[in-house]
Amino acid sequence: MVEKHSSPAHTVLPTRQLPAELTSTMEHYVKIEKKGEHRDEGVDFASLFPPHDQCMVRYGAMVKTTPHNLFRRLGPALLLGVALVIGLEWGLPAAGIPAYLLPTPSRVINAALQPEVRLIYHTGATASAALLGLAIGICIALTLAIAFIFVRPLEDALYPWILLGQSLPSVALAPLLTIWLGDGIAPRAAMAALFASFPLLIATISGLRRPAPEQLAMMQAYGASQWQILRMLRLPAALPFIFSGLRVAGALAVIGALVGELAGAGRGLGYLITTSTYRLATDRAFAAVAAAAGLALVLHGIFLLLERIIVFWERER
Amino acid sequence: MSHRTLLPLLLLVVLLVVTGCTNTAPTSTSPEVTKVTMRLQWLPQFQFAGYLVAEARGYYRDAGLDVTILPGGPDAIPLPLVATGADTFGSTGADTILISREQGIEVVALATWFQASPVAFMVHRDSGIRSPQDFVGRRVGMFYGDNVETEYRALLAATGVDPASVIEIPGDYSLAPFLERRADVWPVYATDQPYTARAAGADIDLILARDYGVELMGDVLFTTAEFARNNPNTVRAFVQATLRGWQEALNDPAAAIEIILARSPDFDRGHLEFEAAETIKLLRYGIGERCVGASDRAVWQKEAQLLRSLGVLKSDIDPETVLLTDAVDEYYRSQGIECR
């Protein structure tokens, strides 16, 4: 059986024919997968992807989180991180680089712990704007994507504009959002929603359109309504896409909130970055940047966890 | 989101209908707006001590006003925010007021705080740059569209330096490029940034445009002509409460600094003390020596002419049309102080 990109996607790709770009690590997992006998039951979601992505999906789905595996995956990155921190701590003063250009990690940690910096307070402000924006963004994206499935003309009319909107530099809207929405959380949440909704919308649309024509035809043959098709076929097929969209959206919501605050705010990590840069307190600015990264990482982690719980079939396979 | 965007639109429509249909001066029966916002140009630092002291000591409340002071930022610019009605009052440069009138934005200056410009051109002492003539062939940091640019062009024109002979480097509010000597001259707020530069270990000198005959002003308090027309009592109350705040800040800068620190604990006390001393010099310059916040018609006239000669203004603007100083004048008259 020869697998082509364009062939109906429901045929399961035999593992021995996986593309040549498989690394030895991948092959290791493919061997494990061969033992599994539950290939033929239900929809094989991995088969909906192009061959290379199938490997990634199966790879991601198969890795069991044992301490050994965890170290294999994170060990090199952790080691590099530790080496980088030590290198900066010793290297920066040795190279005579002033702290206002690039502070040492210990200075940044010290700045983060100073009570007058109020890092937790500012992180909380950014987190609320990002979460509110993310919630609005998710509602908009999912509603629109589902509406597009039911009302095709709506998609035809809106999709080009959405693509155009995605390419607009949202940053330029920051001063206008303050004029339109006033102060407080509204303009920053709006910016976060703007940043978060586009990638999620695009991911959800492609996810909902993922089921193969044969699968749709079968549902229709059994007299399934549009709503049932959505609930039983399209949504389950789209979930992995929705979650990868959510992970991107979470990180972007934090960036959006930050961009709103950088434009001018009385609190939040963006405020901390602006004021610290103005006063050459670069260590504080770095502490704020680290807190923003932490925030994005937490959101990423939450969505990853939710994905593992909700999209259980991807994990069990 | 919809009601938030609809509300201002509705307000605008209502406003247009009201102004269009009646087109008369408001009668005493129409209640004035007393819940107002004040948009600063930057962070709530000593530059804005008058407002911050007035708020903390309850002078606005005593005057029957509910005032919210809002910080400015790189993109939170008072002129558009006030002109569109998003904010009630704002702080901006005197030049902005004159220029905006030419753009058809009807704003009025209610008080002139900085009688002299806070802008200075900072150089490293060992750079050999002593005057604008030494700028030739050097790298000067430039913030395009800012009042800094206006002042820089005026300084070059006044000293006969060809702008083409100077290398301009786009910059922002961070001093890092100057400290790293990627620029030789950096425009700064003299009230504030020299402290930051010295704290970072730089040995610096300041070149002031007013030493070369360029007399520009700085921060003024403004609102829209329409708001002032419809709410004369609110405007008077706000201006006079702010004047009280400034007077206290000048008499007791240390107490004002405490108020600012209570609001923003991340500010540096030494920095604020430096800013206080430098800010007071600008407030006490010229007519401000006797009457802080008063507007000197002659100085405004000179600034309008200077902007005209630089091509920043395309037409002659009569300062009288952008000044609404009744509240300040009345404040000093009531204390028996003659400003001019």
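Brief remarks on what is shown
- A:Pro187 vs. criteria more than 14 Å from chain B (Cβ to nearest Cβ) and modelled with pLDDT of 90 or more: no
- Positions within segment B:308-333 being out of contact with any helix residue (DSSP H, G or I) (no Cβ under 6 Å at 6 or more places or on another chain), part of a helix (DSSP H, G or I) and more than 27 Å from B:Phe46 (Cβ to Cβ), in sequence order: B:Arg308, B:Ser309, B:Glu320, B:Thr321, B:Asp326, B:Arg333
- Helices (runs of 4 or more DSSP H) completely within segment A:205-317 that count 1 or more residues being surrounded by fewer than 18 Cβ atoms within 10 Å (Cβ to Cβ) and among the aromatic types (Phe, Trp, Tyr): A:226-229, A:312-316
- Every residue from segment A:112-171 that is outside any helix (DSSP H, G or I) and more than 22 Å from A:Ala193 (Cβ to Cβ): A:Gln114, A:Arg118, A:Val151
- Consider segment B:63-91 and keep the residues that are within 12 Å of chain A (Cβ to nearest Cβ), of a type in the set (A, V, I, L, M) and assigned to a loop (DSSP other than H, G, I, E, B). The one that is nearest to B:Asp219 (Cα to Cα) is B:Ile77.
- Looking across B:Arg139, B:Arg153, one residue alone is in contact with a strand residue (DSSP E or B) (Cβ under 6 Å, 6 or more places away or on another chain), over 18 Å from B:Val299 (Cα atoms), surrounded by fewer than 23 Cβ atoms within 10 Å (Cβ to Cβ) and in the same structural domain as B:Val188 (by TED's automatic domain parsing). It is B:Arg139.
- The residues of segment A:193-226 that are touching a Ser or Thr at 6+ places or on another chain (Cβ under 9 Å) and within 14 Å of another protein chain (Cβ to nearest Cβ) amount to a single one, A:Leu194.
- Failed criterion for B:Glu106 (all others in (1) surrounded by 24 or more Cβ atoms within 10 Å (Cβ to Cβ); (2) closer than 25 Å to A:Trp180 by Cβ; (3) not hydroxyl-bearing (Ser, Thr, Tyr) hold): (1)
- Within segment B:30-62, tally of residues that are more than 14 Å from chain A (Cβ to nearest Cβ) and of a type in the set (Asp, Glu): 2
- Among the residues of segment B:119-137, those that are under 19 Å from B:Ala202 (Cβ atoms) and either part of a loop (DSSP other than H, G, I, E, B) or of a type in the set (Phe, Trp, Tyr) (or both) comprise B:Phe121, B:Gly128, B:Ile129, B:Arg130, B:Phe135.
- Hits in segment A:111-134 (condition: more than 21 Å from the chain's Cα centre (by Cα) and more than 14 Å from chain B (Cβ to nearest Cβ)): none
- Flag for B:Thr112 being touching a Lys or Arg at 6+ places or on another chain (Cβ under 9 Å), polar (S, T, N, Q) and either farther than 21 Å from B:Ser174 by Cα or more than 14 Å from chain A (Cβ to nearest Cβ) (or both): no
- Within segment B:36-87, the set of residues being in contact with a Lys or Arg (Cβ under 8 Å, 6 or more places away or on another chain) and under 26 Å from B:Val299 (Cα atoms) comprises B:Pro78, B:Val82.
- Restricting attention to segment A:227-266, the residues being within 14 Å of another protein chain (Cβ to nearest Cβ) and in contact with a Pro (Cβ under 9 Å, 6 or more places away or on another chain) number 6.
- Lone qualifier among B:Glu180, B:Glu149 - being among the acidic types (Asp, Glu), closer than 18 Å to B:Pro118 by Cβ and without any contact (Cβ under 8 Å) to a residue 40 or more places away in the chain: B:Glu149
- Among the conditions (1) in contact with a helix residue (DSSP H, G or I) (Cβ under 8 Å, 6 or more places away or on another chain); (2) at pLDDT 85 or above, A:Pro175 misses just one, which is (2).
- Taking the listed residues B:Val148, B:Val185, B:Val214, the one that is closer than 30 Å to B:Ala327 by Cα and touching a helix residue (DSSP H, G or I) at 6+ places or on another chain (Cβ under 9 Å) is B:Val214, with no other qualifying.
- When the residues of segment A:282-308 are filtered to those that are farther than 29 Å from B:Leu81 by Cα and small (Gly, Ala, Ser), the one that is farthest from the other protein chains (Cβ to nearest Cβ) is A:Gly301.
The values are calculated or read from the model by the stated rules, or taken from the named source; none is laboratory data. Not measured: the values here are computed from a predicted model. Cβ sites come from the backbone with ideal geometry, for glycine too, and all protein chains shown count toward neighbours.
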